[in-house]
Amino acid sequence: MSLTLVSGNKNYSSWSLRAWIAMAAAGIAFEEVLIPLGRPDTKERIKEHSPAGKVPVLIDGDAVIFESLAILEHLAERFPKAGLWPADLAARAHARSIASEMHAGFQPLRGHCPMNLWRPVERLALTAEVEANVARVTEIWRAARERFGNGGPFLFGSFGAADAMFAPIATRFHTYDIPCDSVSRAYIQAIHGHPAFKAWRDAAFKETLVIEQDEVDWPKVKRVPEAAV
Ligand SMILES: N[C@@H](CCC(=O)N[C@@H](CS)C(=O)NCC(=O)O)C(=O)O
């Protein structure tokens, strides 16, 4: 049975990236329906697929799964060989804990530093609340890398669901040049170097729809040269 992922604009839709990169990195085949965000008919179009009215939405036969973390759990159940969660019990418990923490939190960081892949790297002044989020995120990354990350450059070695949850945060650190330690910097680079992330970002660069509230330099819309329209 074929899977369909309903998602938003690749430049801005951080929650969509989480589901998409997990599937792409695991080599799971799926069709894509892209609904542009921030338009008068956006909500109505999303609601044609999910009563929650938010993307991403995964359609798997009769199952309609919304909420990015639920999508990751569904994928892990449907594709056990993809290894989306670590095989080791303690590592898996830790991966689920930090993925849940990400899903439920970090609103100051997410609000102040919206995901915006085409914005050139430029430092943004942070508030105390955002700084506190930054400190906790980097603590999460360091702890996972140090305890579980021996087998590769990602949080639990190879790329998995926890990385999918943190990938959009890694892009925010990059875009807004958020100062961080060397372990976090290496992790951010690993995310940016992953072929699935590069494929998503290349597609984002081709988009044209601007969402004013996600452009921190508004009324300027700064785009890296490769994303110039
Ligand atoms: N908690 C949800 C958040 C989803 C979410 O906020 N998605 C945004 C796009 S990144 C959305 O659908 N916005 C459209 C709207 O609110 O009309 C998840 O984990 O999937």
Check: Using the alpha-carbon centroid of each, what span in Å lies between the stretch 122-136 and the stretch 9-72?
Finding: 28 Å
Checklist line | Positive-end extreme of charge dipole, the stretch 155-224 - chosen from F156, S182, G193 (charges on Cβ) | finding: G193
Item checked: Highest average packing first - 30-37, 150-157, 65-72, 161-168, Cβ atoms within 10 Å -> 161-168, 65-72, 150-157, 30-37
Notebook entry, point to check: About its Cα centre, how strong a charge dipole does the stretch 63-197 have in debye, to the nearest 20, once Lys and Arg get +1 and Asp and Glu get -1 at the Cβ?
Noted result: 200 debye
Check: Which of K54/K198; K10/K54; K10/K222; K10/K47 have a Cα-Cα distance over 26 Å?
Finding: none
Notebook entry, point to check: If amide H atoms are built 1.01 Å from N in the plane of the peptide, which residues on other chains or at least 5 residues away come under 5 Å of the amide H of E32?
Noted result: L5
Notebook entry, point to check: Hey, which aspartates and glutamates would be in cross-link range of K220, C-alpha to C-alpha under 17 Å, not counting anything within fewer than 8 residues on its own chain?
Noted result: E122, E207, E212
Item checked: Cα-centred dipole magnitude for the chain, charges only on beta-carbon of K, R (+1) and D, E (-1), debye, nearest 20 -> 300 debye
Item checked: DSSP beta bridge pairing in the chain, given as percent antiparallel to the nearest 5 -> 70 percent
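The numbers here are math on the coordinates, done by the rules we state, and not lab data. Nothing here was measured: the structure is a model prediction, and the numbers come from that model. All Cβ positions, glycine included, derive from the backbone under ideal geometry; neighbour counts span all protein chains shown.
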